[in-house]
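Reviewing the structure listed below.
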Amino acid sequence: MSSSLVALPADGVGLPPDDPLSPADFRRLADYIHAASGIHLPPAKKTMIEGRLRRRVRQLGCGSLANYCAWLFDEGHLSDEVESLLNAVTTNKTDFFREPRHFTYLAEEVLPRWRDAGAQRLRVWSAACSTGPEAYTLAMLLDAFAQDHGGPDYAILATDLDTEVLEIARRGVYPGALFDPVPPLLRARYSLPARDPRRDERRIVPSLRAAVGFARHNLIDSHYPIGAPMNLIFCRNVLIYFDKETQAQVVRRLARCLVPGGLLVLGHSETIAGLELDDELVAVSNTVFRRV
């Protein structure tokens with residue numbers, strides 16, 4: 001966004017805590033966010049959205065949420081602001097080895113089966129990757145398996161709607177405590193402590209970062225430009241933010257990005273029940289589905 005559009009505040013002070021969105025402004029925002037990202041925002045999310053947008057309003061110096069909405073919708077600046085708006089409202093909860101049963105299943109059952117079937121190279125997609133721990137967890141498992149068993153080789157694509165979290169993911173630097181769920185051997189093998197001991201951080205080793213390509217992608221886009229079909233797609237804890245119609249559209253597109261027999265992994269709280277996708281996917285484990 002051009003800095004000439006809105007003057008930044010001189011003192012950076014915050015907004016008053018009693019600066020709510022009007023019902024009409026919330027509906028305008030919710031409708032636009034749903035159309036642009038698929039994220040469904042019921043009225044119960046109004047307070048959450050107010051909190052997330054106040055930081056952006058302070059950055060722009062709009063003075064209030066009402067002024068911000070007027071600037072967006074009435075003064076025609078929505079196209080300038082869409083990336084920052086979506087960055088502000090997306091949820092970015094993530095951890096290394098989050099929902100670990102999926103990774104146990106991958107390491108103990110899937111990778112040995114694919115190796116025995118003669119797989120030479122695996123293509124893996126971490127969709128809605130947030131700041132990157134899921135993608136790097138996959139890279140650790142795939143790399144360790146390839147080194148210990150002589151293959152298969154692998155490549156990982158990691159995508160997210162939020163451009164700010166993608167920058168964090170590309171750097172691969174995280175608070176040291178975030179690595180606690182990583183098994184000690186993998187932690188030692190694939191991460192390095194900060195040179196300054198006062199900084200409690202660890203960095204993903206360069207060779208592993210090089211194995212993961214990060215890119216912006218919107219799951220509600222009609223076209224998924226991912227190149228060749230994938231052997232494995234992780235898209236976890238994303239569908240919960242979509243309505244049923246959007247869920248069905250997204251899962252169908254993901255399924256069609258898989259090779260026949262490829263696997264789609266959803267979050268443990270997610271399901272494809274009721275989405276009429278039996279012609280595309282069959283369950284093979286807990287929230288793991290194989291392309292028919």
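What to note about this one:
- Net +/- balance of residues flanking Leu161 in space, Cβ distance below 12 Å, scoring K and R +1, D and E -1: -4
- With Cα atoms, 0 to 90° folded angle of helix 78-89 axis to the chain main axis: 60 degrees
- Separation of the Ser22 and Leu192 label points, Cα + 7 Å toward Cβ, nm: 5.5 nm
- Extension gain, Thr91 to Asp116: 0.36 nm times the residue separation minus the Cα-Cα distance gives 5.1 nm.
- Positive minus negative residues near Glu280 (Lys, Arg vs Asp, Glu; Cβ under 14 Å): +2
- Other residues within the sphere of radius under 12 Å centred on the Cβ of Asn87, judged by their own Cβ, net out at -2 (K and R +1, D and E -1).
- Cα centroid separation - region 259-282 against region 159-200, whole Å: 30 Å
- Within the chain, longest stretch clear of exposed trypsin sites (Lys or Arg not before Pro) (DSSP loop, no more than 11 other Cβ within 10 Å): 94-194
- In nm, spacing of pseudo-spin labels at Arg170 and Arg55 (7 Å Cα→C-beta vector): 2.0 nm
- Gain in span if fully extended, Ile240 to Ala35, counting 0.36 nm per residue against the direct Cα distance: 72.2 nm
- Shown in residue order for region 192-201 are the 3J(HN,Hα) couplings computed by the Karplus curve 6.51 cos²θ - 1.76 cosθ + 1.60 at θ = phi - 60°: 10, x, 4, 5, 8, x, 6, 9, 7, 9 Hz (x for Gly and Pro).
- Rg over Rh [alpha-carbon atoms, Kirkwood Rh] for region 216-292: 0.91
- Under Karplus coefficients 6.51, -1.76 and 1.60, residue-wise ³J(HN,Hα) of region 276-286 in Hz, glycine/proline x: 6, 10, 4, 6, 10, 9, 10, 6, 10, 7, 5
- Shape class of region 23-89 from the Cα gyration tensor (axes a ≥ b ≥ c, square roots of the eigenvalues): rounded, since a/c falls below 1.5.
- Degrees between helix 244-255 axis and first principal axis of the chain (Cα, 0 to 90, nearest 10): 40 degrees
- Cα-based shape type of region 140-201, given that a ≥ b ≥ c are square roots of the gyration tensor eigenvalues and the cut on a/c is 1.5: oblate
- For Val212, no residue 5 or more places off, or on another chain, has a built amide H under 5 Å of its own.
- Taking amide H atoms as placed 1.01 Å from N in the peptide plane, the amide H of Leu122 lies under 5 Å from those of Asp153, Tyr154, Ala155, each 5 or more residues away in sequence or on another chain.
- Extension gain from Ser269 to Glu109, taking 0.36 nm per residue of separation minus the Cα-Cα distance: 55.4 nm
- Distances between placed amide hydrogens fall under 5 Å for Glu201 paired with Gly176, Ala194, all partners being 5 or more residues away or on another chain.
- Equivalent-ellipsoid semi-axes of the chain, from the Cα gyration tensor, Å, largest first: 37, 25, 15
- Size descriptors for region 196-238: radius of gyration and Dmax over Cα atoms are 15.8, 47 Å.
- From the alpha carbon centroid of region 56-75 to that of region 234-257 is 32 Å.
A short reminder: the numbers here are calculations on the coordinates, not readings from a lab. All of these numbers come straight from a predicted model, not from anything done at the bench. Positions of Cβ are backbone-derived with ideal geometry, glycine not excepted, and every protein chain shown enters the neighbour counts.
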